[in-house]
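Have a look at the structure below, then the notes.
The values are calculated or read from the model by the stated rules, or taken from the named source; none is laboratory data. Keep in mind that what you see is a predicted model, and the values were worked out from it rather than measured. Cβ sites come from the backbone with ideal geometry, for glycine too, and all protein chains shown count toward neighbours.
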Amino acid sequence: MPHQWMEGNLPVSAKCSVCDKTCGSVLRLQDWRCLWCRAMVHSSCKDQFSHKCPLGQCRVSILPPTAISSIDSDGYWEGRRPQGTSPLLVYVNTKSGDNQGVKFLRRFKQLLNPAQVFDLMNGGPYPGLKLFQRFDSFRILICGGDGSVGWVLSEIDKLDLHKQVGRTTSSTDFHASA
């Protein structure tokens, strides 16, 4: 898969992945960042950088955008698991934990493919399980309380899926860096 480049909006501390010099500008949009692997390059260095995107530190957990192909007859996305990955299906209850769920949702959508992060308050667990159910290997993370966990586990049982499930309940349980 090729890099998906976005121009500008680089952090102040950005370093070019090719020449290791400072890149970006606070005055204007310049230079590039890959949305998937987070590599940053100068416009002049971009052609020297590898054309294949490695998807970054979270690659084993990321569902590449090329894995989501079309919409099935029920109106749900169809996906196919790329080799060597075990994508993470994330459910967030945005009403849980003093509304800290909104922060979880935003952060996971930055770290992973936004198509693999679901708000339980917007459609429940079924759309995510429907997308992932054909994958041989995937993991599930539930960010919410006991009710959220029970709801997702109930839907997993209905589909007779046997997958690894993890849970986090509050903002103090989750620390991620990009």
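I'm trying to understand the selection: among the residues of segment 102-128, which are of a type outside the set (A, V, I, L, M), in contact with a strand residue (DSSP E or B) (Cβ under 7 Å, 6 or more places away or on another chain) and part of a loop (DSSP other than H, G, I, E, B)?
First, the residues of segment 102-128 that are of a type outside the set (A, V, I, L, M): 103-104, 106-110, 113-114, 116, 118-119, 122-128.
From the residues that got through so far, the ones that are in contact with a strand residue (DSSP E or B) (Cβ under 7 Å, 6 or more places away or on another chain) too are 104, 108-109, 116, 118-119, 125, 127-128.
Result: P125, single match.
The number of residues in segment 23-39 being surrounded by 15 or more Cβ atoms within 10 Å (Cβ to Cβ) and either farther than 18 Å from I62 by Cβ or more than 20 Å from the chain's Cα centre (by Cα) (or both) comes to 4.
The set of residues in segment 9-50 that are among the small types (G, A, S) and more than 27 Å from A67 (Cα to Cα) comprises S13, A14, G24, S25, S43, S44. When the residues of segment 112-137 are filtered to those that are crowded, with 19+ Cβ neighbours inside 10 Å and of a type in the set (A, V, I, L, M), which remaining residue is nearest to S148 (Cα to Cα)? Out of the qualifying residues, it is L120. Residue pairs whose Cβ atoms lie under 8 Å apart, separated by 6 or more positions or on different chains, with the first residue in segment 114-142 and free of Cβ contacts under 8 Å to residues at least 60 places away in the same chain and the second outside any loop (DSSP other than H, G, I, E, B) and among the basic types (K, R), are V117/K109; L141/R167; I142/R167. Regarding segment 138-149, can at least one residue be identified that is loosely packed, with under 15 Cβ neighbours inside 10 Å and of a type in the set (K, R)? No.
Whenever a residue of segment 33-57 is closer than 17 Å to S13 by Cβ and in the same structural domain as L10 (by TED's automatic domain parsing), its partners that are acidic (D, E) and surrounded by 13 or more Cβ atoms within 10 Å (Cβ to Cβ), lying with C-beta atoms within less than 6 angstrom and at least six residues away or across chains, give the pairs H42/D31. Of all residues in segment 83-101, none satisfies being at pLDDT below 80 and among the aliphatic types (A, V, I, L, M). Scoring L131 on the criteria (1) modelled with pLDDT of 90 or more; (2) in a helix (DSSP H, G or I); (3) farther than 23 Å from K103 by Cα leaves a single failure, condition (1).
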